[in-house]
Structures are given as C-alpha cells and as structure tokens.
Amino acid sequence: MAEPRARLRRRWLAFTGALVLALLGMAFLVWSIAQHQDARDDLAAEQAHLATRRANTSNEARQLQRVLDAVTSVRPQLTALDKGANDLADLDQHDLDAVRAAIQGGLAGKLGDYNAAVDQRTALDPQHDTTLELLRQQANAVITALSGLG
Amino acid sequence: MTTPVDDRRARRARREGRQGTALFITTVILLVVALGSAGAALIVRRDTDDVHAHTEPVRREIRDLSAAEEHARRRLRLLRAGSRATTESLAALFAAEQAQVDASNHAVDVANQAVDRYNNAQTDLATAFQGAGDAALADLEAKTAAVRSAAEAARRAIANLQGVANG
C-alpha cells in the first residue's frame, strides 16, 4: 500500500513541476510575442518616419536646386557686378578728383585749371553713364532672379 | 469471500490508480505544452531578431537622410541669406551712387554759380569761389566714400553668395 501512495505523491510532484514549466513556457511565449509585436510596431513606425523623411528631403532638395538654379542663372552678371562695382567706385573717385580740382582751380584764381578740370569731369560722363547703366542692368537681372527665393 | 474493509481498500486503490494515471497523462500534456511554448517562443524570438535586422537599415537610412536634409537646409538657409544680402547690398550701392551723383552735380552747380559771378564781373575768380564749394565738396567726398564702401559690401556679398553656391 505504501508503494502506490509514494508513486502518487511523485506524480503530484511531477505534475506540479510540469505545471510550473508549462506556465513558464507560456509566459515566455507571451513575452516573446509581445516583444515581436513591439518590434513590428517599431519597424512600421520607422518605415513611416522614413517615408516622411524622404518626402521632406525631396522637398528640401527641390528647393535647394531651385535656389541654386537661380544663382547659377545669374553667375555671369554676378561676376560682372563684382568688377563693375569697383569700376564705378573708381569712376566716382575720378569725378571727385575732377570736382575738387575745379574748385581748387577756382579758389586759386586759375580759370584755365578750372576749365581743364570741368572738361576732365565732362569727359568722364559717357564712361560713367555706360558703366552705371550696364551695372544697373546686371543688378536688375540679379535682383529679379534672386527675389522670391524666400 | 472479501470483507467490506478489503472491498473499500480495493476501491481506494483503484481510485488512486485512476488518479495517478490522470496525473501522469496531465503531466505529460503539461510538459508537451511547456516544450511547445518554449519552442514557439524561440521561433517568435528568431522572427523578432529578423524584424530588428530589418529595422536597423531603415534607421540608418533615416539618419543618413536626416544628415542630408540638415545639410540641404543649412545650405538653403545660407543661399537665401546670401541672396538677400546681395540684393540689399546692390540696392544700397545704387542708392549710394545716386547720392554721389546728386552731390557731384550740386558741387558743380555751386562752382558754376561762382564762375557766373566772376563772368558777370561781380568779383574776381578766387573771391567768387571763397566759401562756395567747401560744404559741397565735403559732402561729395563723403558720398564718394559711401559708394566705395557700398561697392566693397556688394563685392563681399557676391563672393559669399558664389562661395555658398559652389558648395
């Protein structure tokens, strides 16, 4: 009689151990499924993020290209303006020198010097006007191209 | 002939035997469930690793795109600022030039008036010019210097814009 009872007790113990193992196994499975779901959600979120990023990047790239195209389209004018601005300042300096010479000639009572300085200034006018007009055209082209770029 | 006690013992033994069998079968089922669950969990975890492996390249691409986007945004910002600075500096140059032309014409007008007084024999040339051109000349000098400054500012703005455009 003692042998079957001991066997029954062992079976209860084995049953308890198997129950614990089964519960642990199921918990492990549930935990793994939860992690898997998290990973899938994460992947879906990252893919959505990537799609948004691609759209934004494409938009930024388009805007950048538009601005670059605008700047490139007026590159010759920009190069000309770089030199033209300096030329204009030089011509204005010559104009100042001529006016100063005229006034100094007058103050010195030398009509010849005054007239020579006035003639010199007058001679500068066509070059000054041409330079200024050219510069204005180039600047207008640049301003038109660059305006509205944000 | 069995006694009632023997009969009860026999029934109990049979009941315990059935209980033991049921426990054994349930234990086996639970072990199968435990092993099955563990196996399924391992398969799920391997699949999870695959999902993680797919996620990482997506994250890397997002990082690369973010860096490219930031670079593009920064360059765009610089280009727009450069464009604005260029436009404003050119406008300032022409405003300074207009002021210089006006100041020059005014100085010449002042000189012409002095010569007119001399021509009308109201005074000699030097006296006619006394105090006539100082203020106008000082103004012209200032305006000419302003044109030079504006031209330098425009050149700097243009160089900066071209530098940013060239990358």
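Miscellaneous remarks
- Scanning the stretch B:14-32 for residues that are more than 8 Å from chain A (Cβ to nearest Cβ) and not hydrophobic (A, V, I, L, M, F, W, C) yields B:Arg14, B:Arg15, B:Arg18, B:Thr21.
- The conditions of being touching a Ser or Thr at 6+ places or on another chain (Cβ under 8 Å) and assigned by TED's automatic domain parsing to the domain that holds A:Asn115 are met by A:Asp95.
- Within the stretch B:107-126, the set of residues being in contact with a helix residue (DSSP H, G or I) (Cβ under 8 Å, 6 or more places away or on another chain), at the interface with chain A (Cβ under 10 Å from one of its Cβ atoms) and not in a loop (DSSP other than H, G, I, E, B) comprises B:Ala107, B:Val108, B:Val110, B:Ala111, B:Ala114, B:Val115, B:Tyr118, B:Leu125, B:Ala126.
- From the options A:Leu43, A:Leu24, A:Leu68, residue that is without any contact (Cβ under 8 Å) to a residue 24 or more places away in the chain, within 30 Å of B:Thr27 (Cβ to Cβ), outside any loop (DSSP other than H, G, I, E, B) and not aromatic (Phe, Trp, Tyr): A:Leu24
Yes/no per residue for (1) closer than 21 Å to A:Arg40 by Cα; (2) free of Cβ contacts under 8 Å to residues at least 24 places away in the same chain; (3) more than 8 Å from chain A (Cβ to nearest Cβ):
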{"position": "B:Asp6", "(1), (2), (3)": "no, yes, yes"}
{"position": "B:Arg9", "(1), (2), (3)": "no, yes, no"}
{"position": "B:Val44", "(1), (2), (3)": "yes, yes, no"}
{"position": "B:Ala53", "(1), (2), (3)": "yes, yes, yes"}
{"position": "B:Arg59", "(1), (2), (3)": "yes, yes, no"}
{"position": "B:Ala68", "(1), (2), (3)": "no, yes, no"}
{"position": "B:Arg74", "(1), (2), (3)": "no, yes, yes"}
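- Any hit, the stretch A:103-110, residues being over 30 Å from B:Thr123 (Cβ atoms), within 9 Å of chain B (Cβ to nearest Cβ) and not hydroxyl-bearing (Ser, Thr, Tyr): no
- Only a single criterion out of (1) free of Cβ contacts under 8 Å to residues at least 24 places away in the same chain; (2) more than 33 Å from the chain's Cα centre (by Cα) is not satisfied by B:Glu152, namely (2).
- Any chance B:Arg84 is more than 7 Å from chain A (Cβ to nearest Cβ) and either within 30 Å of A:Ala145 (Cβ to Cβ) or modelled with pLDDT of 95 or more (or both): yes
- With respect to (1) at pLDDT 90 or above; (2) exposed (fewer than 15 other Cβ atoms within 10 Å of the Cβ); (3) more than 9 Å from chain B (Cβ to nearest Cβ); (4) within 30 Å of B:Gln162 (Cα to Cα), the lone exception for A:Ala141 is condition (2).
- Scanning the stretch B:154-167 for residues that are crowded, with 16+ Cβ neighbours inside 10 Å and within 9 Å of chain A (Cβ to nearest Cβ) yields B:Ala154, B:Arg155, B:Ile158, B:Leu161, B:Gln162, B:Val164, B:Ala165.
- Of the residues screened, B:Ala145 is not one that is surrounded by 15 or more Cβ atoms within 10 Å (Cβ to Cβ) and touching a Leu at 6+ places or on another chain (Cβ under 6 Å).
The values are calculated or read from the model by the stated rules, or taken from the named source; none is laboratory data. Bear in mind that the values here come from a model prediction, so they are computed numbers and not experimental data. Methodologically, a virtual Cβ is constructed for each residue, glycine included, from the backbone with ideal geometry; neighbour enumeration extends over all protein chains shown.
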